[in-house]
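Each remark here refers to the structure printed beneath this line.
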Amino acid sequence: MKYKYFLVSYLLSLIIFIGLMPSARASNYKIGANEGDEFIWRCNICNKEELDNILGKEWNEEGLFEKLEEGARMRWIVRDTYDDTKLYSSETKDNETVLTIEFVKWLWTYNEKWGDRDYVEELSHFKNPDDYSEDYIFFQFAPVWLPLPLGDYLKNIDLYKGYTIDARVLPSITCKIEKKDIDDEYPKELITVVAMYNDKGILTSYKLYIKDHQVLIDISLESFITINFLFLSIISVIIYFGILYLIYKGLKS
């Protein structure tokens, strides 16, 4: 009798534990970037004429594509990160917790010197992947940053059928958007997007193809300086010159 009571209690506890697992897992997602981190992307290819035809003439008015030009560069510096702000979810019909990066942004430019910033912006992701709507398509098909662990996070979003996630070596998203699956008009034909990310969840490569593997957009991360890397570099320089100074003093004495 005691054995049966123990078995029933154990099974009930196990069911409750499994039921609580999604919310516990959701709370473990985090932002990989830190305040002060700097990212610069370069646009290697931008076929604006074809993009106008396939995505419409407003494709480059905001987000990653805003004022995109072949040969130009875009810069971000992370100003702050938040893990407790709220955003409305069309899935839950309520305000849900999001992970947010606030960053200073310089739009795509050919200038070697950056000059004054263009914007201060925020980009957010729901802390719980279940808060995304069904058959979700990311804005511009792949985000500039994603929460960590990236593979686990993506696999728990109910993504559009054309998405494939690979997080084995280099985390990546492949997305095939069928003709007229964004709305009743666009895209005008099948497009394929391949986006790759580093261990911080930051976009390192973005390619948009059409038929016959014709590349219309090719963006790559040109430089990536974290505040920790900068700090270590400064310490290394100080140590290096300190050693040189000690050697110099030793030779003179």
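Each reported figure results from applying straightforward, stated rules to the coordinates on display, with no laboratory input. This is a predicted model, so every value here is computed, not measured. For neighbour counting, all protein chains shown are included, and Cβ atoms are generated from backbone atoms with ideal geometry for every residue, glycine included.
Here are the numbers for the structure shown:
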| quantity | calculated |
| --- | --- |
| Residue pairs meeting the criteria (Cβ under 8 Å; at least 6 apart or on separate chains; first in contact (Cβ under 8 Å) with a residue 40 or more places away in the chain, in the stretch 115-139; second hydrophobic (A, V, I, L, M, F, W, C) and in a helix (DSSP H, G or I)) | 127/26; 128/26; 129/26; 129/154; 130/26 |
| Those residues of the stretch 38-64 which are in contact with a helix residue (DSSP H, G or I) (Cβ under 6 Å, 6 or more places away or on another chain) and surrounded by 15 or more Cβ atoms within 10 Å (Cβ to Cβ), in sequence order | 59, 64 |
| The stretch 123-153, residues that are exposed (fewer than 15 other Cβ atoms within 10 Å of the Cβ), within 17 Å of the chain's Cα centre (by Cα) and of a type in the set (Asp, Glu) | none |
| Tally, over the stretch 176-210, of residues that are of a type outside the set (S, T, N, Q), surrounded by 15 or more Cβ atoms within 10 Å (Cβ to Cβ) and under 15 Å from the mean Cα position of the chain (by Cα) | 11 |
